[in-house]
Each structure stands twice: as C-alpha cells, then as structure tokens.
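Input: a single structure, listed below in structure tokens.
Each value in this text was obtained by applying a stated rule to the coordinates, not by laboratory testing. The structure presented is a predicted model; accordingly, all values stated were derived computationally and were not measured. Every residue, glycine as well, gets a Cβ built from its backbone with ideal geometry; the counts of neighbours run over all protein chains shown.
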Amino acid sequence: MMDLFIPTNISFTQATPQITHLGIGAHQDDLEIMALHGILECYQNPTQHFGGIVCTNGSGSPRTGSYATCDDEKMKSIRQEEQRQAARLGKYLFVAQLDHPSAEVQNASNNSLVDELHELLLQLHPEVIYTHHPLDKHPTHRAVCRAVIEALRRLPSNQHLKRFLGGEVWRGLDWVVDEDKIALDASARPELSEKLLAIFDSQISGGKRYDLAARGRWQANATFASPHTIDKETLVSYAIDLMPLLKNPQLTLSEFALGFVERFRKEIEKQQKI
Ligand SMILES: [Zn+2]
C-alpha cells in the first residue's frame, strides 16, 4: 500500500500543483543520489518544490551489523522511515512510497507500477523529472526507468515538462561523450547533502557505503570533467536527456541506450586515428 508522507501536513491536492521538480526512484535513498540536484534547487525556495516517488518497498536489501537479524518486514519499515526523515530534512513537499516488490517491478508483463505512476502523473505537472537511466547496472533501476517512460507516454500531453533526466546511481555516466552528458551541479549545501545520505543508516551500517561512493563519484566528475580548466564545481552528478523517448514514442529503450554506446565507440575510434 502506498505510504504518502507530506512533511508540512498540507493535503496532497494542495501539494501537487506546487511541484516543479519530481524524482522517481527505485529504492529509498535513490532520490538523494540521483535527484540531489533537484532537492538542492528546491530547498527553501519559495517558487520551486521537490516531490519524490519511491517505487519499491526495499525489503530485499542486503544487511549486516545491527540490521543482520531484521526480517524483510522490519527492514521495509526501517527504510520507509528513513525515507520520510530525508523528506523532512530536505524539505520535500511530499514523498510517496509505492511499496512494490522488486520482482514485480522487474516483470515487464506486470503493469501495476506503470498504472500507479500514470495515476500520480495525471495529478502532477512538474517542469523537471529525474529518474534512473536505461544503462544503469541495477535491473530494478532499469525497470523503473522503463515504467516511468511508459507512464509518461500514456499521458495526453507532456507540454509542461522541460527536462526529463536519467541520472547516475549504479552506473556512472562519465564515459558517455560530452555532447550527451548533462552536468548537474550538486555543490550547494554540502552539509545538507551529507546529512541526507547519512540518514540511510540501514544501508550504510548495513554494509553498503553509498554515502561515500556517491560523494566520491560527484567529486571525481567535477575534477575529471575537463583537463584544461580549473574545477568550477566541487560536486557534479551526470544525467542523460530522456526527452527523445517522449518526443518519439516509437523509439525503444534498447535503441536509445545503444545510441550512447555507439557514439562513445565512434569517439574512441576517432581518437585512435589521431
Ligand atoms: Zn536503488
């Protein structure tokens, strides 16, 4: 069952028209990695507001230490509460946790996530949507990306949508050619982003240092962006533009994803000839 959390206690119908930036992630903590740019842009901003959707229930995460004895139900409620805490700290206008099992999300013939996302997207009109990119290593992330695209394709119109971004979590995008790469500056409020990532203790103490890994990648992206200029930002996350998938409903995810590989291959080929 969906867990809808609105930190300010306004109603969902009051919240929805205010949402300008929407993050749709697979798991609890994905928003804080993949959509951090949107969270920071909206933080204490009177005209822009962030809303988050988390698709899975997080029951399947690996666990160790003080979490080793938690069964899946307990883990689910711990992760749900961590995500609520992040929404509170990051001042999201809402966070909806949809509670789908990962196996169901990965099953392409099961449409329940697409149906639910479609229902929610009918009520929301964000200018920016952040989700996973289709080249991500994690199968649930790729499945969420596919579901978001299907749900958006079903809408009568996406006129309000200015940017539709696929961001890095389980596979970085530093390798895609520069023309395909969108650099999202995540340098603002480093203490806030550090605290947001630290909230997900069940993952961190549970044996996965996503906090250090994400920050390390953002630092590397900022420094290794250009060999000839000094660092303009301290933390940068990369995304790719998913808009072509909406502009051309016939374009398959596979064709779209392989296009990035092909352009990368061509670039390497060109460099070897010099
Ligand atoms: Zn994830």
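In segment 175-267, a dipole from Cβ-located charges (positive for Lys and Arg, negative for Asp and Glu) runs towards its positive end, and of L251, T229, A214 it is A214 whose Cα lies farthest in that direction. Across segment 78-89, rounded Karplus estimates of 3J(HN,Hα) from the backbone phi angles (6.51 cos²θ - 1.76 cosθ + 1.60, θ = phi - 60°) give 5, 5, 4, 5, 4, 5, 5, 4, 5, 5, 5, 5 Hz, Gly and Pro being marked x.
Over the chain, DSSP H runs of length four or greater, each weighted -39,500 (n - 2.57), average out per residue to a 222 nm ellipticity of -13000 deg cm²/dmol. Cβ-Cβ distance of N45 and H160, R₀ of 25 Å, FRET efficiency by 1/(1 + (r/R0)^6): the value works out to about 0.90. Amide H contacts for V177 (H built 1.01 Å from N in the peptide plane; partners 5 or more residues away or on another chain; cut-off under 5 Å): F264. Across the chain, C-alpha contacts under 8 Å between residues 6 or more apart give a mean separation that, scaled by the residue count, equals a relative contact order of 22 percent.
For a modelled paramagnetic label at W175, 7 Å from Cα along Cα-to-Cβ, the residues of segment 239-264 in reach, with backbone nitrogen under 18 Å, are 239-241, 254-264. Residues of segment 47-64 with an amide N closer than 13 Å to a point placed 7 Å from the Cα of E127 along the Cα-to-Cβ direction: 47-50.
Restricting attention to the chain, close to 35% of DSSP beta bridges with both partner residues there are antiparallel. For segment 119-132, the Karplus equation 6.51 cos²θ - 1.76 cosθ + 1.60, evaluated at θ = phi - 60°, returns couplings of 4, 5, 5, 5, 9, 10, 9, x, 7, 10, 10, 10, 9, 6 Hz by residue, with Gly and Pro reported as x.
Taking a virtual spin label 7 Å from the Cα of T229 along the C-beta vector, which residues in segment 164-204 bring their backbone nitrogen under 15 Å of it? Taking a point 7 Å out along Cα→Cβ of T229, the residues of segment 164-204 whose backbone N falls under 15 Å are 178-186. Among L4, L196, the order by Cβ neighbours within 10 angstrom, fewest to most, reads L4, L196. Between L212 and K74, the simple spin-label model (points 7 angstrom out along Cα→Cβ) gives 2.6 nm.
Counted by Cβ distance under 11 Å from G38, the other residues give a net charge of -2, where Lys and Arg count +1 and Asp and Glu count -1. Amide H to amide H, with H built 1.01 Å from N, H49 comes under 5 Å of T20, H21, counting only residues 5 or more places away or on other chains. Charge dipole of segment 3-273 (Cα centre as origin; +1 on each Lys and Arg Cβ, -1 on each Asp and Glu Cβ, all else neutral): 380 debye, rounded to the nearest 20.
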